[in-house]
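A short worksheet on the structure shown next.
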Amino acid sequence: MSFTLATWNINSVRLREDLVARLMAEQQPDILCLQECKSPVDKIPLEQFQALGYHHIVARGQKGYNGVAILSKRPITDAGEKDFATMGHARHVAARLENGVTIHNCYVPAGGDIPDRAQNEKFGQKLDFLTDMRDYFRSEKPERAILVGDLNIAPREDDVWDHKKLLKIVSHTPIEVEHFNQVMEAGDWADVTRNDLPQGKLYSWWSYRAADWDTADKGRRLDHIWASRDIAAAAHGSHILRETRGWTQPSDHVPVFATFDL
């Protein structure tokens, strides 16, 4: 069984329904994982997606915020969710393919602007969320599993446009990277994207604040695809679809892809 998977923080699935449909039509991933859907599940606009072959959905949603969805051409079953950091947010959902592979779709909190939990409650929530993820995957070792999503951390020096300038900026601070690496180590996860593309600058997010995002190119790699060690060698073909950042009314994130032969 071979399938291509994409992950995309869509920043409102209802507002950007046509962009999702365009990606489905042009790229045709077998599975599309969305974050920041900003919609209750029953309000996700499925008709156009189903017409394109995406007849299966596992999702968690809430009005106006967060929300995660797994849309698939292949049959999937609901494998539950975890309320990391007990925030009551729709930030994780899991689905299982017929071959037994479990897909975790995660949306880690952004963490606000100040990288200090004493001054910024949101930053503390982000670290607690990651700590809970670490503890969960430490106790429930992932097997035949894929984890994708907007993890809101750019861990490597070449995952940001300027490592030194961003060391005190939320998403690239040493404490966030430490927590990120602990989650990876706890589940013995492999970074599929960097296994395929080990060298060079790589970004999946560009701020809306940039007047000319493409020329300035001040990006960060916030969106990730991981695989449990037992299936990591089956992954290949990773790429980031940068061009979607230039589509009309785009998300500030772009899709990340990988193919798995399982």
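Just a few scattered comments:
- Within the stretch 126-148, if we keep just the residues that are out of contact with any strand residue (DSSP E or B) (no Cβ under 7 Å at 6 or more places or on another chain) and crowded, with 21+ Cβ neighbours inside 10 Å, the residue that is nearest to Phe3 (Cα to Cα) turns out to be Phe137.
- Residue satisfying condition, being under 20 Å from Gly200 (Cα atoms), touching a residue at least 40 places away in the same chain (Cβ under 8 Å) and hydrophobic (A, V, I, L, M, F, W, C), within set Ile175, Ile146, Ile153, Ile169: Ile153
- Residue in the stretch 202-216 that is surrounded by 18 or more Cβ atoms within 10 Å (Cβ to Cβ), closer than 19 Å to Leu97 by Cα and in contact (Cβ under 8 Å) with a residue 24 or more places away in the chain present: no
- Counted residues, the stretch 151-185 - those being farther than 19 Å from Ala235 by Cβ, surrounded by 19 or more Cβ atoms within 10 Å (Cβ to Cβ) and out of contact with any Pro (no Cβ under 6 Å at 6 or more places or on another chain): 8
- Residue that is under 30 Å from Gly88 (Cβ atoms), in contact (Cβ under 8 Å) with a residue 24 or more places away in the chain and either part of a strand (DSSP E or B) or in contact with a helix residue (DSSP H, G or I) (Cβ under 6 Å, 6 or more places away or on another chain) (or both), where the choices are Leu15, Leu19, Leu71: Leu71
This table checks each residue for (1) modelled with pLDDT of 95 or more; (2) buried (at least 22 other Cβ atoms within 10 Å of the Cβ); (3) among the small types (Gly, Ala, Ser).
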position	(1), (2), (3)
Ala21	yes, no, yes
Ala51	yes, no, yes
Leu71	yes, yes, no
Lys82	yes, no, no
Thr86	yes, no, no
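- In the stretch 217-246, residue surrounded by the fewest Cβ atoms within 10 Å (Cβ to Cβ) [restricted to those that are touching a residue at least 60 places away in the same chain (Cβ under 8 Å) and within 21 Å of Ile169 (Cβ to Cβ)]: Arg220
- Which listed residue, of Ile31, Ile44, is touching a Cys at 6+ places or on another chain (Cβ under 7 Å) and either at pLDDT 95 or above or of a type in the set (Phe, Trp, Tyr) (or both): Ile44
- Between Gln62, Gln119, Gln125, the distinction of being in a helix (DSSP H, G or I), modelled with pLDDT of 95 or more and among the polar types (S, T, N, Q) belongs to Gln125 only.
- Filtered residues of the stretch 87-116 (kept if touching a residue at least 12 places away in the same chain (Cβ under 8 Å) and either assigned to a helix (DSSP H, G or I) or more than 16 Å from the chain's Cα centre (by Cα) (or both)): Met87, Arg96, Leu97, Glu98, Asn99, Gly100, Val101, Gly112, Asp113, Ile114, Pro115
- Any chance Arg245 is modelled with pLDDT under 95 and under 20 Å from Leu15 (Cβ atoms): no
The values are calculated or read from the model by the stated rules, or taken from the named source; none is laboratory data. On a predicted model such as this, the values are computed, not experimentally measured, just so you know. All Cβ positions, even for glycine, are placed from backbone atoms using ideal geometry, and neighbour counts span all protein chains on display.
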